[in-house]
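Engineer: My structure is below; once you've seen it, I'll send some questions.
Each value in this text was obtained by applying a stated rule to the coordinates, not by laboratory testing. Because the structure is a prediction, the values reported are computed rather than measured. A quick note on method: Cβ atoms are made from the backbone with ideal geometry, for glycine too, and the neighbour counts reach across all protein chains shown.
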Amino acid sequence: FALSPDGGTVAVAAYYARPDSTLRFFDVAAGKPRPNSPEPFTQAAVVWYLPDGTLASADEKFEKPLKWDAKTGATTPLSAGTKPPAPPKP
């Protein structure tokens, strides 16, 4: 799962291939689902938001990371080894 840059949305991706493997969104404040992605989401072990507000996903080895537009469903390959930013230290 990934928290949007504005902190208002959580994106959740299913790792296992299923017919309903869409990216799912949830409103953080209301705790309610938002509309799912328009297209099946690429199977991913990790999903995170990029600074421009788009999503990225990758397998557990980060061999084929993708940038993903949640509005159109379009994907763009990212450089191999692209990883999410390190979590902030408390």
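Engineer: If Lys and Arg each add +1 and Asp and Glu each add -1, what is the summed charge of the other residues whose beta carbon sits under 11 Å from the beta carbon of Val28?
Structural biologist: 0
Engineer: Calculate, for Lys67 and Asp27, the FRET efficiency according to 1/(1 + (r/R0)^6) with r their C-beta to C-beta distance and R0 30 Å; round to the nearest 0.05.
Structural biologist: 0.80
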